[in-house]
Amino acid sequence: MEDKLNRRDFLKKASVAAVAGSTGLLVGCSIGQDTASSAPTAPAAAPAQDDSGAATQAETQQDTAAKEVNVNKNQTVEWKMVTTWPPTLPVLQEGANFIAQYVDTMSQGRLKIHVYGAGELVGALETFDAVQAGTAEMGHGASYYWAGKAPAAQFFAAVPFGMNAQQMNAWLLASDGLKLWEETYTDFGLVPFPAGNTGVQMGGWFNKEINSIADFNGLKMRIPGLGGKVIAAAGGSAELIAGGEIYTSLERGVIDATEWVGPYHDYVMGFYKVAKFYYYPGWHEPGTVLESIINRKAWDALSPDLQEVLRQAIIAQNASMLAQSDAQNNFYLQKMINEENVDLRPFPDDVMKALHGYALDVLDGVAASDPMSKKVYDSFRKFQKDVAAWGKISEKAFYNSIEVEV
Ligand code: CA
């Protein structure tokens, strides 16, 4: 993998974006049902002045309580965070690192989180089990990796023809989404949070032209999750290939196509060197949410203020990664078109329509597979319908009005 990104520059920009992002999200943020239990304990009532004995006793108790708080505040809690990303992967692994850095600064060093990339402590796809077992107190990844354990988890990451980043954040943070996610992970003893978003992804890198839906017949594509099921329904085969092996698989013709993320992330993978066409849009991942998962016992053992520090650090990262993607994607797209002669292609309209039809069938199938999936998908669909109705006369109308100017 070739990493031409200026990492120092990226880190600097990301910090600025994180601050901007967190400021916006701190206002009016209503996440999770833990808010009440996380609120700082109210100070004890002032001792009555007309009973000196009682007052002295109360003051002593208060002093003791204050000392205990001070003792706790001087303790350093050390955690491990495991991730599903290669240790040096820009943006995604760096997102996990940022959470640890924010927490360290905001807690004044009282909560130290040591981050381990895939393979450094456990394998990428062992993240969920490791956090559940308490081998690590928290993890960073994407919930669609855990479809085999909890099918409903897929709806919290990427849904083909589902909601974009803004709409996912609205569902998760200001409606029922996060509560349903918490319910989905309850039996696993995990507390989830949205912890990053890629924005609308790209359709992927293809070595075969897509002119009609029939061109998916026999197409071998590396595409995970629900998108992969849609490709299979369209006659293709969805291949599961680890991130580090995609490039050579594409180069050697083991696969005909792969999707990854968007121009910013894709550039560093170098796929433009081994693929003929770069298709858009990423119908299969219109606003992929990344996740932080925390071991429930470890979370409950944190003091309320450290819980809040951690929660806000994660939510800040959730905004920061999306800001980074939105700020950088066009730069890297133009760079690849102008410097690497990448052939950019839209999927034809009738292909998109056909894929959408297959996607709805796939989603109905998942919803029918277990009660939790149905509960989550019902909420997702209703919210998507409502937010789309609003979006039609807000975002969409606005985009349409400025389209000629772009
Ligand atoms: Ca992807």
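Where a number appears in this text, it was derived from the coordinates with a stated rule and is not lab data. Note that this is a predicted model, so its numbers are computed, not measured. Note that each Cβ is placed from the backbone with ideal geometry, even for glycine, and that neighbours are counted across all protein chains shown.
Test of understanding: ordering I99, I255 by Cβ neighbours within 10 Å, fewest first, what list do you get? Don't jump to the answer; show the numbers that get you there.
Values: I99 27, I255 24.
Lowest to highest Cβ neighbour count: I255, I99.
Could you give the semi-axes, largest first, of the ellipsoid that matches segment 76-179, computed as the square roots of 5 times the alpha carbon gyration tensor eigenvalues and rounded to whole Å?
So the three semi-axes of segment 76-179 are 25, 18, 13 Å.
Place +1 on the Cβ of every Lys and Arg and -1 on the Cβ of every Asp and Glu in segment 238-368, take the dipole about the Cα centre, and give the residue among W299, F271, Y332 whose Cα lies farthest towards its positive end.
W299
Please tell me the relative contact order of segment 240-325 in percent, rounded to the nearest whole number, where contacts are Cα pairs under 8 Å and at least six residues apart.
Working: 21 pairs, mean separation 21.1, N = 86.
Relative contact order of segment 240-325: 25 percent.
Can you give me the three principal axis dimensions of segment 233-325 from its C-alpha atoms, in Å, biggest first?
Extents along the principal axes, in whole Å: 53, 27, 25.
Expressed as a rounded percentage, what relative contact order does segment 72-151 have, with Cα pairs under 8 Å and six or more residues apart?
Values: 117 pairs, mean separation 32.1, N = 80.
Answer for segment 72-151 is 40 percent.
Whole Å is fine, so just give me how far the alpha carbon centre of segment 278-330 lies from that of segment 353-406.
21 Å
What is the magnitude of the charge dipole of segment 72-179 about its Cα centre, with +1 placed on the Cβ of each Lys and Arg, -1 on the Cβ of each Asp and Glu, and no other charges, expressed in debye to the nearest 20? Please list the in-between numbers first.
Values: 6 positive and 8 negative charges, 49 e Å.
So the dipole magnitude of segment 72-179 works out to roughly 240 debye.
Counting other beta carbons within 10 Å of each residue's own, what order do W79, W260 fall into, fewest first?
Numbers: W79 19, W260 23.
Ascending number of Cβ neighbours within 10 Å: W79, W260.
For H114, H140, H284, H265, what's the fewest-to-most ordering of other Cβ within 10 Å of each Cβ? Before the final figure, lay out the partial values.
Details: H114 14, H140 29, H284 26, H265 22.
If I rank by nearby Cβ atoms, fewest first, I get H114, H265, H284, H140.
Starting from the Cα coordinates of segment 176-303, work out the convex hull volume and express it per residue in Å³. Provide the component values of the computation, followed by the final result.
On the way: hull volume 17.7 nm³, N = 128.
Expressed per residue, the convex hull around the Cα atoms of segment 176-303 is 138 Å³.
Classify segment 210-279 as rounded, prolate or oblate from the Cα gyration tensor: take a ≥ b ≥ c as the square roots of its eigenvalues, call it rounded if a/c is under 1.5, otherwise prolate when a/b beats b/c and oblate if not. Don't skip to the answer; put the middle values down first.
Values: a/c = 1.64, a/b = 1.51, b/c = 1.09.
Prolate shape, in that a/c is at least 1.5 and a/b is the bigger ratio.
Projected area of segment 95-140, taken from the Cα convex hull and averaged over every viewing direction, in nm²?
Details: hull surface 12.5 nm².
That works out to 3.1 nm², a quarter of the Cα hull's surface.
What distance in nm separates the two pseudo spin-label positions at R345 and I402, each 7 Å out from Cα along the beta-carbon direction?
Going by the 7 Å Cα→Cβ label model, 3.1 nm.
So how much slack lies between K112 and F331, counting 0.36 nm per residue of separation and subtracting their Cα-Cα distance, in nm?
Values: separation 219, 0.36 × 219 = 78.84 nm, distance 3.50 nm.
Going from the current span to full extension adds 75.3 nm.
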